[in-house]
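The structure appears right after this line, and notes come after that.
The values are calculated or read from the model by the stated rules, or taken from the named source; none is laboratory data. Keep in mind that this is a model prediction, so the values were computed, not measured. Glycine also receives a Cβ, built like all others from the backbone with ideal geometry; neighbour counts cover every protein chain displayed. To get the accessible areas, we keep the full protein, side chains included, count just its heavy atoms, and leave off ligands, DNA and RNA. Shrake-Rupley method; radii C 1.70, N 1.55, O 1.52, S 1.80 Å.
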Amino acid sequence: MKRLYFLLLFFVSLNAVNGQEIDNDLLLIKRRMDSIKSYEAQIKLDVDISFINMPSKYGKVRYRQGEPTKVTSRDFIMLPKRGLDLTLNELFEHPFITVNRGQENYKGVSCKVINLIPTSSKSQFSIATIFMDTSAKRIVKSEISTKMEGVFTTSLNYKNDIDALPTAIEVEFAVNNVKIPLRFLGKETQVDRKAIKQEGSKSGKIFLTLSDVQIGR
Amino acid sequence: MISLIRSEIYKIGKQSKTLYALAAILIIEGFVFLSAYYQGAGIIDLLLDNLKESFEFQGNLLNGNLIIYLILNSLWFHVPLILMIIISGFLTSEYKDKTIETVMLQPVSKLNFILSKYIVSIIFTLLIVLILAVTTFLISYWIFGYGDLVVYLDGLNFFESEDASYRLINAFLSGTITMVFFSVVSLTLAVILKDATKTWIVAAIFLICSNLLLKIDFNNEIINELFFSKLTDSWQYFFYYEVPYSSIYFKNILLLAYSILVMAIGVLIFKRRDIQG
Amino acid sequence: MILEARNICKSYGSLEVLKNVTIECHKGRIYGLIGANGAGKTTLFRILLGLIKQNSGSIAIDSEGIKPIGGIVEKPALYGYLSAYGNLKVFAQIQRLKLTKELFNESMHQVGLSPERKDAVKNYSLGMKQRLGLAIALLNNPDCIVLDEPFSGLDPMGISALHALIKKLSRENQITIIISSHIVSELADLCDMLYVLYDGEIIKSGSAARLLKENVTTFKISGKNLEMSEVLKNADAVFMNKSVLVSPKDSTISEVLQRLIEEGVEVTSCIPQTDLKALFGREGV
C-alpha cells in the first residue's frame, strides 16, 4: 500500500514538474527571436472595423533589443496594443508556466498548442494560447487574454519557411461601437437605437504588412 | 448692365456698413476658432474613447483640418444670417433714402436695375465666402498645422491630410451655393417688403425654419429629395468616406434652380410695382 | 410740343387722385403747376417721370435724347455717404455717361455748387442738396425737367438763387421746366404758363401773367406814413405793421398809388396778392 502511494506521488510530481517547466519548443523559438538584436521595416496598417473607415496607413517599425518596438509615421495611425511584440518579450516579462494542449492544424500547418499561465500577479495577461510551428521554429498564432484590454488574437504569416519575422500580421480584438451624443457635429444621420443596443461588442481587425525588413543580429 | 453693376460695387465699397459686416463676420469667425480649438480636443476624446482599449494613437488629430471642419459646421448659420441682413440692405436702404426714385428717374430699366442688384449680391456673397475660406484655411494651417481629419458621419471616417484639404475646399464651394441661395432669398424679401426691419425679421425666420426643416424627415421621398431646405447641406456629403458626387451635383443644381426661381419672382414683382419710396 | 400728357387718370383703390388731367408743354418754357397739398401734383409728376403708371391716358415726349425727361420728386434723394462727385459719378455711370473731370466741374458750376467740396452730401444744406439734385437731373441733357416743390424748405436766399438758376436753364439751355408748388408767389415771377390743379382736376390753365392778374383783387402796399393817408382810410384798407392791404373797388391800383403820391405818402412797394378762392374757383380753399 505504501509502495502504491509513493508511486502515485512520483507520477503526480512528474506531471507537476512537466506543468511548471517552460515548453522547450517555446524556449527554442524565444532563443531564436533573441538572436535578433534589431530590425527595421516598412509597415502598412489597414483597419477592418465596421464603424471605422480609414485608408491604409504607412509607417516605419523599428525594434532595438531591450527597447519597446516603435512605429513612426507622418500620418495619424492607430496601433493595436498587442501584435507588434514579435520577439515575445512582453510574454516573457514575468514568470509563467506552460501547459501542452497538443497538436492542432492551423492554416495547413501542424502546430503545437500551448497555454501560458503567468505565475506573477504583475503580468499584464491572464492566459495566452500559442500556436507554434515547431518545424519552422516560429509562432503562427497567439490568443492573449489581457487583464485590462480584452482578448487579442494575432495571426502571423511568413513569406517562406526560413523567415523568423512575419510579413503579415492580423490582430483581432473586441471593440464597442462609438457612442456619441446625437447632437454632435456632422450630418444628422439616421440612428437606429435598437440596432446599436443589440450590437454591443463586435470584433475588429487590423492588418499589418511588413516589407523591406532589415534585421540586425 | 455692366455700368449698373459697377456703380453698385462702387456704392457698396463706399459704405461703412460693408466694413462693419466684414468685421462682424471675421469677429464671429475668430470666436468660432476659439470655440473649435477648445471643443476640438474634447470631441476627439469622445470619438476615440471606445477605441482606447484596443489601440494606441500616434499623430495629432487636433490639427488645422479639424479646426476648419468645426468652423465649417458653425459658419453655415452665422454667415447666411449676416449676409441676408447686408444684402437685403442693398435694396431696403434705397427705399428708405428714396434714392431708388432718383435712380429710376435716370434712363435705367427696372429689369436691368434689379438684375444688377441680384448679380452684385451674388458677387458679394462669393467674395465673403472666399475671404472666410482663405482666412480659415490660412490661420488654421498656420496655427494648428496639417494632419488627418476625423469626422463622425455614419461611422468614424479618417481622411489623410491632403484628402481632407480637398474635401474641405469642396465643402466650402458647395456651401457657397447655399449661401447664394439665401442671399437671393433675402433680396427677394427686400423687393416684397421694402422695409429694412421687416425684411431682417422675415429673413431670420426663413433661415431658422430652413435649418429646422433640414432636420425633419418628412417620410416622403419627393419632399426629402426636392424640397429646398433639404438641399442646403450638400457640403456635408464630402465627408462620407465614399463621396456621393451624383447626390451633391443633383442637390446643388436643384438649389441653383431654386435660386433662379426666387430671383425671377423678385424681378417680376419689382417690374410690376410702381416705384414709391 | 415737347411734352403732352393727355387725359391722365390715376386711382388708388376707390380714391381718384387724378381725373382726366391734360397738360401740354413747349420747348424752352417754364410751366407751373399750382395746387393745394393733396391736389395730385406729386402723383402727376411721378407719372410724367415714369415712376408710377397711370390707370389711363397717354404721355408723349418729343425727344430723341438718351434721357428725355429728368427731375426731382419731393426732396432730392441722394446717397448721403457719398460726396457730390460720388453721387454724380454713380448717377452718370448708371446711364452710361462717363463723368470726366470737365463734366463734373461743368455740372457743378451750372447749378452754382463748388466742385472743390469733398465731404459727404449728408453734410449739405437743403439748398445745396436741391442744386445737386438738379445737377443729377440735368445729366445727359434732358429736354424736360420736372421739379416737385423745389422751393420747399429753402430760405429766401435759397429761393432766389434757385429762381435764377431755373430761369437761366430755361433761357440758355432751352430746357422745358415744369415746377409744382402750393405757394402761388413762388411761381408767379418764374413761370410762363400755369396749370391750376384742384382735387385731381386741371381747373384753369393759361399764361401766368393773365391768370394771376385775373385773380388779383388785393394789393399789399408798404411805405412811410401810411397810417396818415386819407385815401387808404377811405378805401377800407387793412392796416398791418408797416404795410396795408387794399382792395380797390372803384378804381385801379395805379389810380390809388397816384393819389397816395399826391398825398405825400412815400410808397416803397406794391405787391399783388392772389385770391386763392378766385384762382381755385372753389369755396373753402
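Values for this structure:
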item: Accessible-area order (highest first, 1.4 angstrom probe) of the listed residues B:Ile260, C:Ile94; result: B:Ile260, C:Ile94
item: Pairwise centroid distance, computed over Cα atoms, of the range C:1-61 with the range C:221-247, Å; result: 42
item: Interatomic Cα distance distribution for the range B:6-151, bins of 10 angstrom, percent; result: 10, 32, 23, 16, 11, 6, 2, 0
item: Unit charges on C-beta of K, R, D, E only; dipole of chain C, Debye; result: 1080
item: ³J(HN,Hα), Karplus 6.51/-1.76/1.60, whole Hz, each residue of the range B:113-118, x for Gly, Pro; result: 4, 6, 5, 5, 4, 5
item: Lys/Arg +1, Asp/Glu -1 at C-beta; the range B:85-148 dipole; positive extreme among B:Thr135, B:Gly145, B:Ile119; result: B:Ile119
item: Estimated [θ] at 222 nm from DSSP helical runs (n ≥ 4, -39500 (n - 2.57)) normalised by residues in chain C, nearest 500; result: -9500 deg cm²/dmol
item: Whole-Hz couplings from phi, Karplus 6.51/-1.76/1.60, listed for the range A:202-214; x for Gly and Pro; result: 10, 9, x, 9, 10, 10, 10, 10, 9, 9, 6, 6, 10
item: Loop-resident sites, the range B:154-242, for GluC sites (Glu not before Pro), counting at most 15 other Cβ within 10 Å (DSSP); result: B:Glu242
item: Cα centre as origin, Lys/Arg/Asp/Glu Cβ charges: the protein assembly as shown dipole, Debye; result: 980
item: For A:Ile97, residues with placed amide H under 5 Å, excluding near neighbours; result: A:Ile117, A:Thr119
item: Within chain B, helix-based [θ] at 222 nm, where runs of 4 or more DSSP H residues each add -39,500 (n - 2.57), nearest 500; result: -26500 deg cm²/dmol
item: Dipole of the protein assembly as shown, positive end: most advanced residue of B:Leu254, A:Gln124, A:Ser50 [Cβ charges, Cα centre]; result: A:Gln124
item: Trypsin sites (Lys or Arg not before Pro) lying in DSSP loop within the range C:74-143, provided at most 11 other Cβ fall within 10 Å; result: C:Lys98, C:Lys118
item: Cα long-axis angle, helix B:2-14 against chain B (0 to 90 degrees, to the nearest 10); result: 70
item: Residues whose placed amide H lies under 5 Å from that of A:Glu90, excluding near-sequence neighbours; result: none
item: Radius 12 Å from Cβ of B:Ile269, net charge of other residues (Lys, Arg +1; Asp, Glu -1); result: +4
item: Candidates C:Asn173, C:Asn87, C:Asn141, ranked by Gaussian network fluctuation over chain C, Cα under 10 Å, top entry; result: C:Asn173
item: Highest-MSF residue in chain C out of C:Gln174, C:Gln95, C:Gln110 [GNM, Cα springs under 10 Å]; result: C:Gln95
item: GNM result for chain B, Cα springs below 10 Å: residue of B:Met84, B:Met179, B:Met263 fluctuating most strongly; result: B:Met263
item: Cα pair distances exceeding 29 angstrom across the range B:2-272, given as percent; result: 38
item: Which of B:Ala190, B:Leu61, B:Trp76, positive extreme of dipole for the range B:2-272 (C-beta unit charges); result: B:Ala190
item: Exposure of A:Leu156 as accessible area (Å², to 10), given a probe of 1.4 Å and all protein chains; result: 20
item: Environment charge of A:Asp163, counting only residues whose C-beta is closer than 12 Å and scoring Lys/Arg +1, Asp/Glu -1; result: +2
item: Note, ³J(HN,Hα) from phi for the range A:36-53, Karplus 6.51, -1.76, 1.60, rounded to Hz, x at Gly and Pro; result: 8, 6, 7, 8, 9, 7, 7, 10, 10, 10, 10, 9, 10, 10, 4, 9, 10, 10
item: Cross-link table C:Lys75/C:Lys204; C:Lys10/C:Lys41; A:Lys44/A:Lys141; B:Lys271/C:Lys129; C:Lys27/C:Lys67; B:Lys96/C:Lys75, entries beyond 18 Å C-alpha to C-alpha; result: C:Lys75/C:Lys204; A:Lys44/A:Lys141; B:Lys271/C:Lys129
item: Cβ-placed point charges (K, R +1; D, E -1), dipole of the range A:23-216 about Cα centre in debye, nearest 20; result: 440
item: Fraction of the pair-distance distribution of the range C:216-280 above 18 Å, Cα-Cα pairs, percent; result: 27
item: Listed peptides A:132-138, C:61-67 by packing density, highest first (mean Cβ within 10 Å); result: A:132-138, C:61-67
item: Centroid-to-centroid separation of the range B:227-250 and the range B:128-207 [C-alpha atoms, Å]; result: 14
item: Fraction of antiparallel bridges per DSSP, the range C:3-212 only, in percent to nearest 5; result: 50
item: Principal-axis tilt of helix C:101-110 within chain C, Cα atoms, nearest 10 degrees; result: 10
item: In degrees, nearest ten, helix B:245-272 long axis to first principal axis of chain B (Cα); result: 20
item: Directionally averaged projected area (convex hull, Cα atoms, the protein assembly as shown), nm²; result: 53.9
item: Amide hydrogen neighbours beyond the local backbone of C:Gln273, cut-off 5 Å, H modeled; result: C:Thr217, C:Thr218, C:Phe219, C:Lys220
item: For B:139-151, mean number of other protein chain Cβ atoms within 10 Å; result: 1
item: The range A:75-139 versus the range C:87-151: alpha-carbon centroid distance in Å; result: 94
